[in-house]
Amino acid sequence: MAALLKHSTTDSPALPVWLVTEGTLEAWLAAQAPAVGRWAAESGFKAERHRVLLVPDARGGVAGAALGLGRLADLAELSLWHAAGLADRLPAADFRCVENLPAEAANQFALGFLYGQYRFERYRRPLSTTRGARLVAPANCDPIYVEATQRALSWSRDLINTPASDLGPRELAAEAVGLAQQFAARHRVIEGEELLSQNFPMIHAVGRASSKPPCLIDLTWGNSGPRVTLVGKGVCFDSGGLDLKNAQSMLLMKKDMGGAACVLALARLIMEMQLPVQLRVLIPAVENSVSGDAYRPGDVLATRKGCTVEIGNTDAEGRLVLADAMAEADAGQPDLLIDLATLTGAARVALGPELPALYSNDESLCADVLRHGREQHDPLWPMPLWAAYEEDLASKVADLGNASASTFAGSVIAALFLRRFVAERTPWLHIDLFAWNPKERPGRPVGAEAQTVRALFALIKERCRARH
């Protein structure tokens, strides 16, 4: 895995990388030798975003590189996405950033450089066996945080990219147990029929049709500080159940455990950075499959909270497994409860793949996480818990239904369902995310995307500081 260099590893000094905006291009060219200006003109370099100009030396080698930042007005606003495609355009050598960036921008630049080097190559030979470009940690950068973040995000992306044939509920549990052992966290896994004896009936009902038994992963770490509980949707594959998805809709369903993967990445980062929190992680891990034992439309399920749920659609399974886990989480009276889930297509229709939908029962908490999302270039978008839509969850035979007959406001209604399992006193965030990059971009291949991890880490870190 790519890492930051503390200093150059070769006998020659690291090569410079200049950060050039369209507004600073003329000044940068004026500071270079005339030949560089001619080379830039011949190459058509105008400092467009993601454009990289390799600057030659007198012998025809590389003397440095200029990274175009487009119309960026202030280097303090630099994001990891500006640098994410840089490493792929550089030769195998050591590089250093010329500009003296503010601390946060330095972290963003370094993280983007590393993030863009991620490749998922579990099932094929590496495309290149040569060692790529390396970055000397910029001044003001926190390399410990940057490298810890890169490790967490890469692990999360590996989990999301892995097909369900190799990552079912038991394998996901093994990954979580490995994390717990690495950081001396306490853990337990409740599996199969034990879910019924331990009163997690909806997790069991959703997962019982699969040959891979469902489970609930429960990890705890830390003995002081605010109580933070993370819940992640771990549907390792979603066929839709008896309300079967069509072939196209099923293609990406290996990523339906993206919420769990992002929760595990966040937990890893919290533990590796030693935040003073009492952390708990709950992941209901299931496959929503089809068999003679599958739960059915019209079934009425018991829940851990004690209410009953009529099944209107077996493809609205994520909220069911989350509800049992969230009831358990809420019983611990956490100071902060966060759930992450690839929950609804409606959120993607409304906001697209890059903007996770954010719901909260606490306006101040919501404002804080949105601020951190902006600062970390890890965006979210606020959505309403519109009480008038509660009636869409009504059932004539149970306390509530799991799906609405209406095609409107699907993401809002799913969030309202989950709110039924959280006490009003509990500060709660629900994030409906996509966890996937559907188009090729510099440093961002088609595949898994670890969303909201950095924003939530910054939020939790800030709350720890406020507590102390």
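Structure notes:
- Qualifying GluC sites (Glu not before Pro) in the range 374-454, where qualification requires a DSSP coil assignment and no more than 12 other C-beta atoms within 10 Å, comprise Glu424, Glu440.
- Ranking Asn437, Gln198, Cys215 by how far each Cα lies toward the positive end of the dipole of the chain (charges on Cβ) leaves Asn437 at the top.
- Loop sites in the range 183-262: GluC sites (Glu not before Pro), DSSP, at most 16 other Cβ within 10 Å: Glu193
- On full extension, the segment bounded by Met250 and Ala31 gains 73.3 nm, given 0.36 nm per residue less the C-alpha separation.
- Listed by number, the DSSP H helices of the chain that run 30 Å or longer by alpha-carbon position along their axis and have mean Kyte hydropathy of at least 1.0 come to an empty list.
- Once both labels are positioned 7 Å from their Cα atoms along Cα-to-Cβ, the gap between Ala184 and Asp362 label points is 2.9 nm.
- Point-to-point label distance, Asp166-Glu440, nm (Cα→Cβ direction, 7 Å offset): 2.2 nm
- Cα-centred dipole magnitude for the chain, charges only on beta-carbon of K, R (+1) and D, E (-1), debye, nearest 20: 1020 debye
- Arg125 paired with Ala466, simple spin-label distance in nm, labels 7 Å along Cα-to-beta-carbon: 5.4 nm
- Rounded to the nearest whole Hz, the Karplus-based 3J(HN,Hα) values (6.51 cos²θ - 1.76 cosθ + 1.60, θ = phi - 60°) of the range 88-94 follow the sequence 5, 9, 10, x, 6, 7, 8, with x at glycine and proline.
- Using the Cβ of Pro297 as centre and a radius below 11 Å, the other residues enclosed give a net charge of -3, where K and R count +1 and D and E count -1.
- For the chain, the mean residue ellipticity at 222 nm estimated from helices alone is -10000 deg cm²/dmol, where every DSSP H run of n ≥ 4 contributes -39500 (n - 2.57) and the total is divided by all residues, rounded to the nearest 500.
- Spatial separation of Cα centroids for the range 115-166 and the range 50-66, in angstrom: 25 Å
- ³J(HN,Hα), Karplus 6.51/-1.76/1.60, whole Hz, each residue of the range 73-87, x for Gly, Pro: 7, 8, 4, 5, 8, 4, 10, 4, 6, 5, 9, 4, x, 5, 4
- The residue among Val422, Tyr389, Thr452 whose Cα reaches farthest toward the positive pole of the charge dipole of the range 146-467, with charges on the beta-carbon of Lys, Arg, Asp and Glu, is Thr452.
- Karplus 3J(HN,Hα) series, Hz, for the range 204-215 with 6.51 cos²θ - 1.76 cosθ + 1.60 (x for Gly, Pro): 5, 4, 5, x, 6, 6, 7, 6, 9, x, x, 7
- Ranked for footprinting exposure by Cβ neighbours inside 10 Å, fewest first, Thr21, Thr149 give Thr21, Thr149.
- Under 5 Å from the amide H of Ala3 lies no amide H of any residue 5 or more positions distant or on a separate chain, with H modelled from the backbone and absent for Pro and chain starts.
- Structural descriptor for the chain: relative contact order 15 percent, calculated from alpha carbon pairs under 8 angstrom and at least 6 residues apart.
Read-outs: derived from the displayed coordinates by stated rules, not from any lab. Please read all numbers here as calculations on a predicted model, not as lab measurements. Here the Cβ is made from the backbone with ideal geometry for all residues, glycine too, and neighbour counts use every protein chain on show.
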